[in-house]
Amino acid sequence: MKSVYESSTALDAHMILNLLEQEGIRGRVDGEYLPGGVGELQAINLVRVMVEEADYERAGQVIRDWEAIRVDEEEKYATKSGNGLSGFLLGLVVGGGLVYWAYNAPLTEDGIDVNGDGVPDEKWIYRDNRIHRIEVDRNLDGRVDIVFRFDRRGLVGEVEQDDDYDGIFESGYTFRAGDGAPMAR
């Protein structure tokens, strides 16, 4: 058997052996365990791909053809590569879009119809399985009279009320970070 390819890693040698086997050339890898045993010695070309002498020329040509293709592809990608800024910006935009979508997931609703007219008199709106808003029709006339808006932690952030049931919200309150003390707006 003759050495047709020398490498410092067993991975490269097995890749070449696989390439040759795809072309019908049988061979073996010699010395694949040596690089791990040399310690601090320089491990240069200790791993060899061996083929039969009758297949030596054909195996050499297969390897040369493969190396030529590989160099052409590397040159093609080297000329097209940029400075990476466009990839970073694209990743930033896609990541920002995913975060926005995650925090503004579709709304789901549930509610209760107290008077049986088919219109919910109290409606709970959820975003991403968290309470987002509660709308209440206190006088059962079909119009919302009070709205509670919640922050991302589930605490009441704002309340709007229609005190005289005319469809116009006359009063509103804003709550500071969970302290329970409303501030009139």
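The values are calculated or read from the model by the stated rules, or taken from the named source; none is laboratory data. For clarity, every value in this text was computed on a predicted model and none was experimentally measured. Don't worry about glycine lacking a Cβ; one is built from the backbone with ideal geometry, like all the others, and counts go over all protein chains shown.
Quick check on my filter: what residues within segment 19-50 are polar (S, T, N, Q) and modelled with pLDDT of 80 or more?
First pass over segment 19-50, keeping only residues polar (S, T, N, Q): 22, 42, 45.
Q22 - this is the single residue of segment 19-50 that is polar (S, T, N, Q) and modelled with pLDDT of 80 or more.
Is it true that I16 is modelled with pLDDT of 85 or more and either exposed (fewer than 10 other Cβ atoms within 10 Å of the Cβ) or in a loop (DSSP other than H, G, I, E, B) (or both)? Steps first, answer last, please.
Details: modelled with pLDDT of 85 or more: yes; either exposed (fewer than 10 other Cβ atoms within 10 Å of the Cβ) or in a loop (DSSP other than H, G, I, E, B) (or both): no.
Here the answer is no, as I16 does not meet what is asked.
Quick check on G167: is it modelled with pLDDT under 90 and touching a Lys or Arg at 6+ places or on another chain (Cβ under 9 Å)? It would help to see each step written out before you state the result.
On the way: modelled with pLDDT under 90: yes; touching a Lys or Arg at 6+ places or on another chain (Cβ under 9 Å): yes.
In short, yes.
Please enumerate the residues belonging to segment 139-163 that are out of contact with any strand residue (DSSP E or B) (no Cβ under 8 Å at 6 or more places or on another chain) and not small (G, A, S). Can you show your working first?
Restricting attention to segment 139-163, the residues satisfying the condition of being out of contact with any strand residue (DSSP E or B) (no Cβ under 8 Å at 6 or more places or on another chain) are 139-143, 153.
Across segment 139-163, the qualifying residues are N139, L140, D141, R143, R153.
As an exercise: evaluate G142 against (1) closer than 18 Å to D166 by Cα; (2) at pLDDT 90 or above; (3) of a type outside the set (F, W, Y) and give the number of the one condition it does not meet.
(2)
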